[in-house]
Amino acid sequence: WSAASGVTTATLALGYVGWLAILVGVVVYLRAVGRGRRGWEPLTLLVLTISGPTMMPIGEMFHPQDLLAVGLCLVGLAAAVRDRWLVAGLVLALAIESQQFALLVAVPLFVVALGHRRLRYGAGVATGLAALLIPLGVLSAGRVWRAALLGSSRAGIDGIHGSGGTWLWETHVGGLALLVLARSAPIVVAAWLAWLVRRRSVGPLDARALMRLVTISLALRLVFEVNLFGYYFMAVAVALVVLDVTRGRLRGPTLAWLVLVTLAFAPARGGLNPGVALPGVGLVVTPSLVVVTGLVILILRDVLAHRIRWQLVGFIVFVVLTCVPALWGVSPGEPEMPAWFWQLVLVSSALALAGGVSLSGSWRTTTWGSARSSGVVNEVA
């Protein structure tokens, strides 16, 4: 029916609504933390536009709800920074029902909220979920409630299936134990980390500490996953870029991490040639070609400047050894390295870029009221 009617491409193009959510979320959040209305806004959006992880939910796998959830999470975090906790709760409820990994943002935010803010935030989440799930549950004879609790995919309802390959999959744990570990462990660990942060801080967390905590929490999903696809890294990729911009410096290692995710997964497999066909646009985007061009430009600049950056040389050697199928006798289109290898490399490096999981030392705090009135986060040690 879809092929005969010719609606497939037009339907898939609806996925770009997810990108609009990212755009709105980034702009709203940057303006809440005092980085908006300047060059940081277009720079952040440009980096996210051309990076592989943010293309994959639409071009490689059709999961625009992931983009929508991340955009809503950023709007919710912006509301929390502006001390509008009821609004934050309402928006995070929408994010949770878009994609359940938003719980890794909603739960830590509830833990670090102080006093009456936590009550307002909880009321917002409960109100948002009730407004969505009660009428939809009645109309669907309760089927929506099962999806809301266990996820809309068959993997969430019937157990966990897929290609596997992660460290948790390789332990051969199965059944309910695997489902609990994969779905509950990231939330529990994220809540525990948020509690440690809350106990060691003297007041409300500032925007950088909050985004750092959120980035680590989102990475925990990848620690306990049983499958590993490129689009799984989208949420962490957006969080890392926004964290850098919040700090006021877009770091080279963050860009290198985005490059590595792009080359490690489907858009680059097959000898750095295949592209991502964007539905409804009539354009095939080749993230790997963009990456290789950028690396060549960096090398030429170093040659003209008569210098050698050994970290760049080491990165290129690593990319060649791990992302070129011919070196391993692998046919194009097949993964060169096992999933657990990329899980170890990419997740550990993402945690390091987020500031590590060590919670020792001082976490800066801010007065939420002053941040709301001035639009700039005022930090006190």
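The values are calculated or read from the model by the stated rules, or taken from the named source; none is laboratory data. Remember, predicted model here, so these are calculated numbers, not experimental data. When we count neighbours, we look across all protein chains shown, and the Cβ atoms used for this are built from the backbone with ideal geometry, even at glycine. Ligands, DNA and RNA are stripped out before the accessible areas are found, and what is left, the full protein with its side chains, is counted by its heavy atoms. Shrake-Rupley method; radii C 1.70, N 1.55, O 1.52, S 1.80 Å.
Output yes when any residue across the range 263-270 is surrounded by fewer than 17 Cβ atoms within 10 Å (Cβ to Cβ) and at pLDDT below 85, and no when none is. Spell out the reasoning first.
Keep residues of the range 263-270 that are surrounded by fewer than 17 Cβ atoms within 10 Å (Cβ to Cβ), which gives 270.
When the remaining residues are screened for being at pLDDT below 85, the result is 270.
Scanning the range 263-270, I find at least one residue that is surrounded by fewer than 17 Cβ atoms within 10 Å (Cβ to Cβ) and at pLDDT below 85, so the answer is yes.
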(message) Return the pair list, or none, for Cβ contacts closer than 6 Å from residues in the range 118-133 that are at negative phi and surrounded by 18 or more Cβ atoms within 10 Å (Cβ to Cβ) to residues that are small (Gly, Ala, Ser) and not in a helix (DSSP H, G or I), at least 6 apart or on different chains.
(response) Tyr121/Ala113
(message) Just the residues that are under 16 Å from Ala352 (Cβ atoms), among the charged types (D, E, K, R) and in contact with a Ser or Thr (Cβ under 7 Å, 6 or more places away or on another chain), please, taken from the range 213-252.
(response) Asp244
(request) Being without any contact (Cβ under 8 Å) to a residue 12 or more places away in the chain and open to solvent by less than 60 Å² (accessible area, probe 1.4 Å) is the filter; apply it to the range 11-52 and report the residue that is nearest to the chain's Cα centre (by Cα). (result) Gly36
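Out of the residues in the range 80-103 that are under 12 Å from the mean Cα position of the chain (by Cα) and open to solvent by 10 Å² or more (accessible area, probe 1.4 Å), state the one that is nearest to Thr8 (Cα to Cα). Working first, answer last.
The first filter runs over the range 80-103 and keeps only residues under 12 Å from the mean Cα position of the chain (by Cα), leaving 99, 101-102.
Now drop any that are not open to solvent by 10 Å² or more (accessible area, probe 1.4 Å), which leaves 99, 101.
Values: Gln99: 23, Phe101: 27 Å.
The qualifying residue nearest to Thr8 (Cα to Cα) is Gln99.
Against the definition (touching a residue at least 24 places away in the same chain (Cβ under 8 Å), among the hydrophobic types (A, V, I, L, M, F, W, C) and crowded, with 24+ Cβ neighbours inside 10 Å), how does Leu77 come out, yes or no? I'd like the intermediate steps shown before the answer.
Working: touching a residue at least 24 places away in the same chain (Cβ under 8 Å): yes; among the hydrophobic types (A, V, I, L, M, F, W, C): yes; crowded, with 24+ Cβ neighbours inside 10 Å: yes.
The answer is yes for Leu77.
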(message) If I ask for residues that are at pLDDT 75 or above and either open to solvent by 70 Å² or more (accessible area, probe 1.4 Å) or over 26 Å from Leu346 (Cβ atoms) (or both), which ones from the range 145-174 would you list?
(response) Trp145, Arg146, Ala147, Ala148, Trp167, Trp169, Glu170, His172
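When you check Gly248 against the structure, is it over 23 Å from Val107 (Cα atoms), open to solvent by 10 Å² or more (accessible area, probe 1.4 Å) and modelled with pLDDT under 95, yes or no? Full working, then the answer.
Working: over 23 Å from Val107 (Cα atoms): yes; open to solvent by 10 Å² or more (accessible area, probe 1.4 Å): yes; modelled with pLDDT under 95: yes.
Spelling it out, Gly248 is indeed over 23 Å from Val107 (Cα atoms), open to solvent by 10 Å² or more (accessible area, probe 1.4 Å) and modelled with pLDDT under 95.
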(request) Might you let me know whether the range 193-203 holds any residue that is within 21 Å of Tyr29 (Cα to Cα), open to solvent by less than 20 Å² (accessible area, probe 1.4 Å) and at pLDDT 90 or above? (result) yes
